Amino acid sequence: MKKRGIQKKILITNIMAIVIMTVLMFVAFTVYYVFEHHRQFNETTTHKTETAGAVINQITNIADNTGIQLGNNPYIKEMLTELYFDDNPSNFFLDEHVEENTIIQYLLPFLIKQDMIYRICIYNNRGDFLAGGTSVLSGKVNTFLQSSDFKHIEEMFYNTPATRIYAYSSNDALQGNRHKTSGYIRIIRPIRDTNVIHGNPMGYIEVQISTAGILNQLTEFDSEEITVYLNKQKLFANGTTLPERNTYKETTELNNGFSLTLKSHNSDENRVVFFTMGFLLLLLSFLVFSLITIQRRAILKITAPLISLFTKVQEASWDEVPKVAGIVAEDGDFDEIYELQKSFDYMLESLKDTMEKNVMMRTEKINAQMLALQAQVDPHFIHNTLTIIGALAEEGDGEKVKESCQRLSDMIRYNSDYSMQKVKISQEIENTRAYMELLKIRYEEAFQYEIRVQALAGVVQVPKFILQPIVENALKHSLKQAEYPWIISIDAYCQDKKWYLKITDNGVGVTKEAKKEVLERFHELQKLVADHLLKSMKIGGFSLINTLTRMYIYYGNEMEFQIDKNENGGTTVILGGKTDA
């Protein structure tokens with residue numbers, strides 16, 4: 001075992017761990033940053049879409065309110081009522097300029113204040129037509145009043161409660177071909193008087209909104225691609241065209257069947273991400289270099305006490321118990337190893353003292369015997385475990401060294417605590433878990449275990465150190481004769497005011513002869529008095545019979561015990577007792 005070899009292995013392992021953690025952190029932060037940047041961009045696009053939609057809603061509402069106010073104008077309603085009963089097919093407003101100018105005066109405030117209003121028209125099915133705003137041609141007016149478009153308007157409002165319809169024209173049907181327009185939205189409202197003609201329209205008022213006027217209100221969104229729809233049909237767009245890559249599209253539903261789609265291009269995304277990634281790489285490279293330097297110095301302090309500890313533990317014997325706690329007591333930087341040393345010293349001394357006691361009275365004999373049994377941990381198991389820890393240290397597996405030390409220290413503390421002869425089932429299971437974790441470190445994937453604890457069972461008090469001996473027995477007599485992987489299952493539960501521990505393995509299973517022998521010994525225990533029970537227990541090992549004896553001392557005939565061979569191989573052992581015992 002060369003010091004430099006250990007240092008090199010640990011250093012390489014730590015460097016790999018640092019690099020892997022650094023890469024993972026870098027990737028995680030990059031993913032988070034890109035996601036957050038993209039999320040903020042999407043939120044901004046959504047806000048822009050809602051803002052643009054609010055503008056269009058406001059414009060259409062203004063135009064709609066214009067139609068409502070003009071449609072309720074008493075003069076206009078009275079004029080259309082008179083024209084409704086006039087049989088003259090000619091356009092009244094071409095000859096009667098006074099009435100025409102009067103109505104135009106009512107239209108002017110709306111046309112002047114709202115520059116996005118393209119035109120306001122008032123007409124009926126008697127051939128009368130008046131327009132304010134953009135001029136019209138009389139020939140085109142006559143064509144419109146005889147067109148299918150006008151017939152469709154009449155059908156929409158005839159004998160129906162409809163109050164308005166929305167339409168769109170890309171060309172101006174009331175102008176010649178030379179007149180160019182970007183199109184306009186039409187809001188058509190009927191003018192009714194239920195007292196005169198039973199609710200059917202006397203005429204119609206049409207407010208036309210210029211798409212150019214709408215787009216003028218959306219100039220702040222010139223960098224975005226905006227498209228407006230009516231009843232899912234495309235009306236117009238702002239003329240901006242964006243590429244599909246790095247583009248986010250948001251659609252919002254507006255009032256009266258309108259909808260708006262806004263596309264926004266995140267042109268700065270790649271540049272910002274690359275700059276941030278480059279800066280992070282430089283920063284993380286510096287941190288990695290610093291951590292490697294610190295690790296190299298720390299390894300010099302860690303390896304020396306580990307080697308010393310391993311050497312001293314190898315020299316341990318029952319005739320002469322060496323004191324190993326002083327090896328690294330002066331160095332407080334590695335507390336786990338120091339705690340392990342103290343626990344090892346304490347365990348050896350306590351075990352030696354306990355085995356030398358000679359109790360006189362029956363009760364004292366029982367308590368002392370229980371303590372002696374409870375305190376025993378196989379020294380070979382400790383020696384093997386420390387050998388494994390030393391091997392892990394040579395391999396530079398610091399985390400496994402720490403875990404193994406902690407597991408062994410927990411077991412030693414648990415077994416050396418004589419203040420309690422009864423513990424919770426959860427404590428028994430945790431002690432056994434520590435034992436099986438050490439086995440798992442030794443056998444790796446060849447050894448597996450499962451633990452299931454019912455909530456009520458976890459707090460039940462049971463005799464100390466009854467579970468681990470069963471697991472040891474399964475390992476020794478069942479699993480070691482079986483193929484890998486070895487599997488042990490532990491179930492703790494309560495039923496009918498009794499607690500149960502069920503231990504199952506997948507080994508070769510208990511033979512009929514062995515089962516018969518164990519059951520005969522168990523039945524013999526039930527016939528013995530306390531003194532004979534003591535004689536049936538053996539110092540020097542936790543056999544199944546020793547565990548059953550200690551259980552019987554606590555529970556008597558209320559004790560539960562079963563041992564069976566499973567159908568698919570392996571053995572199942574069940575221990576139990578009264579929950580209030």
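Since every read-out is calculated from the coordinates, none of them should be taken as a lab result. No experiment lies behind these values; they were computed from the predicted model shown. All Cβ positions, even for glycine, are placed from backbone atoms using ideal geometry, and neighbour counts span all protein chains on display.
Once phi is turned into θ = phi - 60°, what whole-Hz ³J(HN,Hα) does the Karplus curve with 6.51, -1.76 and 1.60 give for every residue of the range 140-145, x standing for Gly and Pro?
My calculation for the range 140-145 gives 5, 5, 4, 4, 5, 5 Hz in order.
Do you know the relative contact order of the range 72-216, to the nearest whole percent, from alpha carbon pairs under 8 angstrom that are 6+ apart?
Contact order relative to length: 26 percent.
Just rank HIS265, HIS37, fewest to most, by other beta-carbon atoms within 10 angstrom.
Ranked by crowding around the Cβ, least crowded first: HIS37, HIS265.
Name the long-range amide H neighbours of ILE487: under 5 Å, sequence gap of 5 or more, or other chain; modelled H, no Pro or chain starts.
Counting only residues 5 or more places away or on other chains, the set is GLN448, ASN506.
With 10 angstrom as the radius, rank CYS121, CYS494 by how many other C-beta atoms surround their C-beta, starting from the fewest.
Lowest to highest Cβ neighbour count: CYS494, CYS121.
Can you sort TRP499, TRP486 from fewest to most other Cβ atoms within 10 Å of each residue's own Cβ? Present the calculation step by step, with values, prior to reporting the outcome.
On the way: TRP499 24, TRP486 21.
Lowest to highest Cβ neighbour count: TRP486, TRP499.
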